[in-house]
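A short write-up of the structure that comes next.
The values are calculated or read from the model by the stated rules, or taken from the named source; none is laboratory data. All of these numbers come straight from a predicted model, not from anything done at the bench. Note: accessible area is taken over every heavy atom of the protein model, side chains too, but ligands, DNA and RNA are not part of it. Shrake-Rupley method; radii C 1.70, N 1.55, O 1.52, S 1.80 Å.
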Amino acid sequence: MAFPSKYKPAMCQQVKDLMAEGMSRKATAVELGISYKTFLSYIDRHEDFAAAVEQGDVLAEAWWEDKYIRGALGQAEVQPAMMIMYMKNRFKWRDKLEQTVIKDELETVDEWLAARDSEADSEDED
């Protein structure tokens with residue numbers, strides 16, 4: 001016999017409210033009084049819940065980003081190394097990689113081999 005679902009549509013707003021305070025999905029599940037496995041099953045079964053979690057993810061990242069910015073401006077106390085690590089691990093932030101294209105068009109292997117052979121031939125003539 002299956003147990004009745006604890007799901008209620010009002011949970012959608014709770015999810016957004018909790019995650020807007022920076023809470024993770026797991027912490028939100030705890031606050032809702034459900035297991036994380038149940039939380040994930042609600043995402044699969046209820047479109048409105050899935051949408052609320054998606055919005056919550058954005059709200060949580062914005063909350064932490066704001067905290068980080070306030071810390072960088074000296075308006076809040078944060079440990080920069082911990083904050084950077086947290087944002088990289090939780091929100092998949094990455095260091096910016098700069099790339100410079102040196103040549104607009106790369107030569108093919110055949111073109112490179114032909115040029116090499118041509119250079120070798122000219123060296124042999126000298």
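Show log10 I(q)/I(0) for the chain at q = 0.21 Å⁻¹, two decimals, from a solvent-free Debye sum over equal Cα scatterers.
-1.16
Binning every alpha carbon pair distance of the range 63-103 at 5 Å from zero, what are the percents per bin?
Over the range 63-103, the share of Cα pairs per 5 Å bin runs 6, 21, 25, 17, 11, 7, 6, 5, 2, 0 percent.
How long are the semi-axes of the equivalent ellipsoid of the range 9-81, taking √(5λ) for every eigenvalue λ of the Cα gyration tensor, in whole Å from largest down?
Result for the range 9-81: semi-axes of 28, 11, 9 Å.
Accessible area per residue of the chain at 1.4 Å probe, in Å²? Don't skip to the end; give the middle numbers.
Working: 10050 Å² over 126 residues.
Solvent-accessible surface per residue comes out at 80 Å².
Expressed as a whole percentage, what fraction of the accessible surface of the chain belongs to carbon and sulfur atoms when a 1.4 Å probe is rolled over the protein heavy atoms?
Details: 5380 of 10050 Å².
Accessible surface attributable to carbon and sulfur in the chain totals 54 percent.
Less than 20 Å apart at the alpha-carbon level, and either on another chain or at least 8 residues along: which lysines does that give for LYS92?
LYS92 reaches LYS26, LYS67.
What percent does the relative contact order of the chain come to when contacts are Cα pairs within less than 8 Å and at least six residues apart?
On the way: 73 pairs, mean separation 26.4, N = 126.
Relative contact order, the chain: 21 percent.
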